[in-house]
Amino acid sequence: MTIISLTLIILAGAYLAGLIGSMTGLGGGFIVIPLLTLILHVDIRYAIGASLVSVIATSSGAGVAYAKEGVANLRLAMFLEIATTIGAIAGAFFSAYVPVHIIPVLIGTILIFSSVMSLRKIKDTKCEHPSQLGYRLKLNGTYRMGAQNINYSIRNITGGFFTMLFAGFTSGLLGIGSGALKVLAMDSVMRVPFKVSTTTSNFMIGVTAAASAVIYFQHGYMDTVITMPVGIGVLLGSLTGARLLARINSPRTLRLIFAIVVSMLAIQMMYNGIKTHNQ
């Protein structure tokens, strides 16, 4: 395979990754890693390095667009980033001690869990017991659904914060941005509306990925032949995804997209990990 054909394949796959990643809040890593490892047979460590670049690109494209539209909760994002950044640095350091074949299985397990949890609640439900800490930190907000402005309150701030610590650790360890866990923490633990959860996750994942990307760069796991088309493709795809998401007003539709994409990638990654271990 020539460099040009390799670049075009990565560019096309990265565009799709950015498109889906920005709409679901997952970041582009969940598609970039399977693309590079399963189809192009890139070493998992280099795939993770490229994945972190894709996550940063998704956040730079879609996250900024969502913030401009007022859908993402920026105060909540900045508060939770304290936890995810600490976890990401710890996970990146720990990654050198994890056997390579275990990483895809871990990714697949987290994806399956996230998919199941997202389908448990098809509709957004109003938070019945808002957190007083949420009021003090001014974390509650408003978002637009069609022509209607919807106010929402947040609960269980402490539980969400500690879940974000684990999400950050997973991001640094696996190079996936952990958007699934971030969305899950905000949606299920903190009762943030799903559309706000996905858009806020897009804004957050870039900061988390940047914290661990530095460490992967120091270890030499960033290959410009791979990371350049990944970054460009994901950025363009995320901008397209941001425009599409603005037209989707049904939480059910977003949850179904989230669950289907996540489940397909989970099966691929777990199969790849088991296959590698048996060889």
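All of the numbers you see were taken from the coordinates with simple rules; none came from a lab. This is a predicted model, so every value here is computed, not measured. Quick reminder, even Gly has a Cβ in these numbers, built from the backbone with ideal geometry, and neighbours come from all protein chains shown.
Please order H219, H101 by the number of other Cβ within 10 Å, starting at the fewest.
Working: H219 12, H101 16.
Ranked by crowding around the Cβ, least crowded first: H219, H101.
When a footprinting reagent is the concern and you count Cβ atoms within 10 Å, what order do K275, K182, K195 take, fewest first?
Working: K275 12, K182 33, K195 25.
If I rank by nearby Cβ atoms, fewest first, I get K275, K195, K182.
Report the calculated FRET efficiency for F217 and R243 (r = Cβ-Cβ distance, R0 = 25 Å), to the nearest 0.05. Each step should come with its number before you reach the end.
On the way: r = 31 Å, r/R0 = 1.26.
With a Förster radius of 25 Å, E is 0.20.
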